[in-house]
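The values are calculated or read from the model by the stated rules, or taken from the named source; none is laboratory data. From a predicted model like this one, the values you see are computed outputs, not experimental measurements. Positions of Cβ are generated from backbone atoms using ideal geometry, with glycine treated the same way; all protein chains shown enter the neighbour counts. Just so you know, the surface numbers come from the protein's heavy atoms only, side chains and all, with ligands and any DNA or RNA stripped out. Shrake-Rupley method; radii C 1.70, N 1.55, O 1.52, S 1.80 Å.
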Amino acid sequence: MTHEWWKRGVIYQIYPRSFQDDDGDGVGDLGGILERLDYCASLGVEALWLSPVYPSPMADFGYDVSDYTNIHPMFGTLAQFDLLVEEVKRRGMKLILDYVPNHTSDEHPWFQDSRSARTSAQRDWYLWHDPAADGGPPNNWVSNFGGSAWQWDELTGQYYYHAFLEKQPDLNWRHPQVRAAMHDVLRFWLDRGVDGFRVDVLWHLIKDDQWRDNPPNLGYKPGDPPHYSQVPLYTTDRPEVQGIVSELRSVLDEFTGRVLIGEIYLPVERLVAYYGANLDGAHLPFNFQLLQSQWNARSIAALIDQYEHALPPGGWPNWVLGNHDNPRVAARVGLPQARVAAMLLLTLRGTPTLYYGDEIGMVNVPIPPDRIRDPLEMNVPGVGLGRDPYRTPMQWDGSPHAGFSVVEPWLPISDDCAIVNVQAEDADRESILSLYRRLLHLRRTHPALSVGNYEPVATTGDLLAYVRRARGDQFLVALNLGEGPYALSLASLGMAGRTVLSTYLDREDSVPAAEISLRANEGVIVALVSTGRRRA
Ligand code: TEU
C-alpha cells in the first residue's frame, strides 16, 4: 500500500522571521531559509511549512496580509520564492504555505475600497453593520485580542467586524466574489509549485447571519484569553463553514498531490467534522490536544484513545507538539519530558508537526518590557498571553547572535544559546537534537512507525505504551512519564524484544529481553521479535 507524502512524513514549521537572517536586518528571510535548507533536509522531515511571508504591515506579524500574491520585501522577492520552491524540491522535500482567509490587513486594497463608501464595489466583501439602538456596537462579540470585535468607522458611519486586531477586518465569506478571489489566491501559489496550505483559523470563516449575541462563558477566569469570556456559539464553527472548506478542497483537487491543513482549536468531537462529510474537507485538521493536555500518562492515553475513536473512517490523524502561538514544549513539560514528548510525537499514528527549535530544546525566552512585540501582549498585558517568548530566533551556534544574524535580532536570543544550539548539540551524541535525528531516521526507515497500525497497550500509573505494526515489522513504544523507575515486563504482555532506541540515547540491546527497567523520564522503542497478542 502506498501512502501520500503528507501521511508518511513529518511537517516542520518555520517561523520565517526567526529562522535565519540573510540580509542583516535582524529579521529572518527567504534567503536565510535557503541557507538552512540542508539542515532541514538533514533532519529528514518531509515538508516545510512557512508562517506568512506575504506583504503585510506586520501588525500581527504577517497574519495581516495586504497582498496575497506577493512576497514581503523584508522576506525577499517572488523570484527568490520560486528558487526556494525549486531548492526544497531538489532536496526531496515539500513546501507548505500559510493561507490567511479569515481576515485581511486593513491596508489591503480590498478593504481600502470597502471602507471608502457604503456604495463601493467591495463594500460587502467585509462585515459591516449599523450601530445598536444606543449607538454602540451591533452585538456583544469580543475580539480574541481584547475588547469589542466591532470597530466604528467614522467615514461611512458603520461598524466592521474583526475577530483579531482592528487592523485585521474579517472577510465576508458568504460573498461569491470573495470566495472566487480567495480561490484564485490558492491557484496562484499552487501554479508556482506549492504543495499545500495551512489555513489560518479555518473554523472562524462564517459568522451568524442574524448577528446574535454570544452567551457568556460562566467558567471564565481572569487571565484567560479575552475571548474565553464568551461561548463563541455565533462567531465560529457555524454549519455553513463546511461548504466553504469543501470548496477550498476542490480548488486543491484541481492539482495533484497537494494537502489542505486546517488550524482549528475545537474539542475533538467538533474537530473531526473538518475532515468533511465525505472526506472532502481538510486532509489534516490540526490536532492540538498535546498542546493543551495535562502531561501525565493517563490523560495522554485517554486523549489518544478518544481521538482514534472520533476519527472518521479513512480520516488520517495528526499531532502537533508546538507552534508559534503556544508555549514551548520544553518549557511546558521540562527538558527530560521534552525528550519523551519527542518520542511520542514521532511514533504516534498520524502526521507529526514539529515546530522549529523544539528539536534543540529551545525554551520560552523572557522578553524585557522594551522588547515586547506581540500585539496580544500589548493589548492584554501582564497575564502571560504574549507569544514573543516562543518566537525567538533559532539558535544555530554559540556566536554572539547565535548564528541567526549579524545584528541584534527583532526578538532577544535565549541566554542558554551557548549550550542550546545546533552546532553544540550535533557534537553531543546524547543531545535532544541527536535524539530527534535518531527518531526521524528510525521513523523513515520503518513504515510501522509512520503508517503502521496503532494498538494501545493497557498500562497503569506513569507508563504510556502502544504497539505499531506494518508488514511483520512491529515496535513497542513505552514511555515513562514519571519521575521514578518503572519495571516493564514484556513477558507479561506476551512480548519479547530488543530496545533499539532510548530517550537517554545510551542503550541498544543486541539480544531480546523479557524485562525492561525504564528509568525516570525514559522512553524506549522496542523492536518486537514475537508476540502473543498478534491479531489475525
Ligand atoms: O491563531 C488563531 C488563534 O486561535 C489564536 O488566537 C490563538 O488562540 C492565540 O494566538 C493565542 O494562543 C492564528 C495564528 O496562528 C496567530 O498567530 C494569529 O495571530 C491569529 O490566527 C490571527 O490571524
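The table below gives the values:
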read-out: Filter result (under 29 Å from the mean Cα position of the chain (by Cα) and of a type in the set (D, E, K, R)) within segment 460-482; value: 462, 468, 469
read-out: Selection count, segment 144-199, where residues are within 16 Å of the ligand (Cβ to nearest atom) and on the phi > 0 side of the Ramachandran plot; value: 2
read-out: Some residue of segment 384-406 being in contact with a Leu (Cβ under 8 Å, 6 or more places away or on another chain), within 25 Å of residue 25 (Cα to Cα), of a type in the set (Ser, Thr, Tyr) and buried (at least 22 other Cβ atoms within 10 Å of the Cβ); value: yes
read-out: Members of segment 335-385 found to be in contact (Cβ under 8 Å) with a residue 60 or more places away in the chain, in a loop (DSSP other than H, G, I, E, B) and of a type in the set (A, V, I, L, M), listed by number; value: 346, 348, 380, 383, 385
read-out: Any pair with Cβ under 7 angstrom, 6 or more apart, that starts in segment 201-229 at a residue that is within 29 Å of residue 324 (Cα to Cα) and ends at one that is within 15 Å of the ligand (Cβ to nearest atom) and charged (D, E, K, R); value: 201/263; 202/263; 203/237
read-out: Qualifying residue in segment 21-28 (condition: in the same structural domain as residue 358 (by TED's automatic domain parsing) and either assigned to a helix (DSSP H, G or I) or under 20 Å from residue 351 (Cβ atoms) (or both)); value: no
read-out: Failed criterion for residue 222 (all others in (1) open to solvent by 60 Å² or more (accessible area, probe 1.4 Å); (2) at pLDDT below 95; (3) within 16 Å of the ligand (Cβ to nearest atom); (4) not hydroxyl-bearing (Ser, Thr, Tyr) hold); value: (3)
read-out: Whichever residue in segment 263-291 is buried (at least 22 other Cβ atoms within 10 Å of the Cβ) and farther than 14 Å from residue 201 by Cα and, among such residues, is nearest to the ligand (Cβ to nearest atom); value: 290
read-out: Residue, farthest from residue 94 (Cα to Cα), within segment 7-54, restricted to residues that are of a type outside the set (D, E, K, R) and open to solvent by 20 Å² or more (accessible area, probe 1.4 Å); value: 24
read-out: Exclusive hit being among the basic types (Lys, Arg) and under 19 Å from residue 28 (Cα atoms), set 339, 437, 371; value: 371
read-out: Selected residue (only one of 62, 24 is more than 24 Å from residue 104 (Cβ to Cβ) and of a type outside the set (Phe, Trp, Tyr)); value: 24
read-out: Count of residues meeting criterion [in contact with a Leu (Cβ under 9 Å, 6 or more places away or on another chain), part of a loop (DSSP other than H, G, I, E, B) and free of Cβ contacts under 8 Å to residues at least 60 places away in the same chain] in segment 55-93; value: 7
read-out: Conditions (1) without any contact (Cβ under 8 Å) to a residue 24 or more places away in the chain; (2) open to solvent by less than 20 Å² (accessible area, probe 1.4 Å): number failed by residue 426; value: (2)
